[in-house]
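The values are calculated or read from the model by the stated rules, or taken from the named source; none is laboratory data. On a predicted model such as this, the values are computed, not experimentally measured, just so you know. Because the Cβ atoms are built from the backbone with ideal geometry, glycine has one as well, and the counts that use them run over all protein chains shown. Ligands, DNA and RNA are excluded from the accessible area calculation, which covers all protein heavy atoms including side chains. Shrake-Rupley method; radii C 1.70, N 1.55, O 1.52, S 1.80 Å.
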Amino acid sequence: MKKRILSGMRPTGKLHLGHYFGALENWVKLQEDYDCFFEIADVQALTDNYDNPAKVRENVREVTMDYLAAGIDPKRATIFIQSMIPEIAELTVFYSNLVTVSRLYRNPTVKTEAKQKKALFGQDAEGITYGFLGYPVSQAADITAFKGEVIPVGEDQLPLIEQCREIVRKFNHIYGDTLVEPEALLSENTRIKGLDGNKMSKSLNNAIYLSDNEEAITKKIMGAVTDPSKLKKDDPANPEVCMVYSYQKLVNPEIDKVCSECKAGKRGCVGCKRELIQCMLDYLKPIQEKRKYYEEHPEIVDQILKEGTEKARKEAAHVTNEVKDHMLIHYFE
Ligand code: TRP
Ligand code: SF4
């Protein structure tokens, strides 16, 4: 039997190259050898977008199209919407007894995100909602509702997987062996920075989206940060400090040539950027063609989501019944 994979993303915007190289590309490969479930984590997206439900709703289909365009194959993998699986919410309630509030405050991912919120909205710890603080518990429910064994994620998610493992151990210890302890599987390219060298973010406009058109890609790459010590076209430079080079690595098959020419002062940054633009367009072409197909066939996207969600719901219901048996709260059919 194939091992079970569970992972997901929050539908808060279209997906960019950070999502692609940090996770999606890996998911696509994994569908060969694993039984894959990929979630559209809309409930989790609402934990910090509860006041903007329209944004989350819109992006459920956008993110699904990005999954499909990147190569997730609905015949092999199950794509589903979190909010349509009420069992996940049930499990979240049961698990909330197994986690202390202080442990949640100490979760490094929660801490980092809380700091970002503070920087953005001036909230301190007191301003954090119960739902946001508790989202690691809800994520543990996502994973265990499907007995996810392998969880392919980026580095930032490791503390959430660790917290899930703790919940599983505690559950199994108290109620008897029921849940599976998941393992994280890190992707290789987990830390891709934005074109300006900062963390990729929508507000900084420093990320390339899978759905960006030629004009947007050209503009973003032309504005990318290069080795600041290189002033003239034939100055030798250090590609390791250049954002253009770090993107060349991802999409340019002739990367060795880029590197040696840059070091030898045999390539200008403008030409180098033009070459990157072409490689990027070539790289994204098949993805964008697929995306276009789904954009033109929204009914197919809906059907994939509907079928995936039905299948996921059966799985989650099965596990939740087992959980309730073990917790002695299964009264009658
Ligand atoms: N927290 C993840 C993110 O922000 C999304 C996610 C939700 C997830 N549920 C999950 C990831 C379960 C792995 C497993 O990207
Ligand atoms: Fe970067 Fe290319 Fe300029 Fe070298 S030549 S600094 S790799 S943009």
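Here are some residues: T64, T47. Which one is touching a helix residue (DSSP H, G or I) at 6+ places or on another chain (Cβ under 7 Å), among the hydroxyl-bearing types (S, T, Y) and open to solvent by 10 Å² or more (accessible area, probe 1.4 Å)?
When all the criteria are applied, what remains is T47.
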Margin query: Considering only segment 279-301, I want to know if a residue exists there that is surrounded by 18 or more Cβ atoms within 10 Å (Cβ to Cβ), of a type in the set (A, V, I, L, M, F, W, C), under 18 Å from F146 (Cα atoms) and touching a Lys or Arg at 6+ places or on another chain (Cβ under 8 Å).
Written below: no
Note to self: Could you check segment 50-65 and list, in sequence order, the residues that are acidic (D, E) and closer than 19 Å to T129 by Cα?
What the structure shows: D51
Note to self: Being of a type outside the set (K, R), open to solvent by less than 90 Å² (accessible area, probe 1.4 Å) and more than 19 Å from A41 (Cβ to Cβ) is the filter here; which residues of segment 318-333 pass it?
What the structure shows: N321, E322, V323, D325, H326, M327, I329, H330
Next item on the list: Tell me which residues, restricted to segment 167-213, are without any contact (Cβ under 8 Å) to a residue 12 or more places away in the chain and open to solvent by 60 Å² or more (accessible area, probe 1.4 Å).
Entry: H173, D177, N198, K199, S203, L204, N213
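Among R61, R103, R76, which is under 30 Å from Q31 (Cβ atoms) and part of a helix (DSSP H, G or I)?
Details: R103 fails: under 30 Å from Q31 (Cβ atoms); R76 fails: part of a helix (DSSP H, G or I).
None of the others qualify; the one that does is R61.
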Next item on the list: Answer yes or no as to whether A89 is under 20 Å from G13 (Cα atoms), away from ligand 1 (no atom under 12 Å from the Cβ) and either touching a Gly at 6+ places or on another chain (Cβ under 7 Å) or assigned to a helix (DSSP H, G or I) (or both).
Entry: no
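Would you call M222 of a type outside the set (D, E) and within 16 Å of ligand 1 (Cβ to nearest atom)?
Working: of a type outside the set (D, E): yes; within 16 Å of ligand 1 (Cβ to nearest atom): no.
Against the criterion (of a type outside the set (D, E) and within 16 Å of ligand 1 (Cβ to nearest atom)), M222 does not qualify.
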Notebook entry, point to check: Which of (1) in contact (Cβ under 8 Å) with a residue 24 or more places away in the chain; (2) in the same structural domain as L250 (by TED's automatic domain parsing); (3) basic (K, R) does R274 not meet, given it meets every other one?
Noted result: (1)
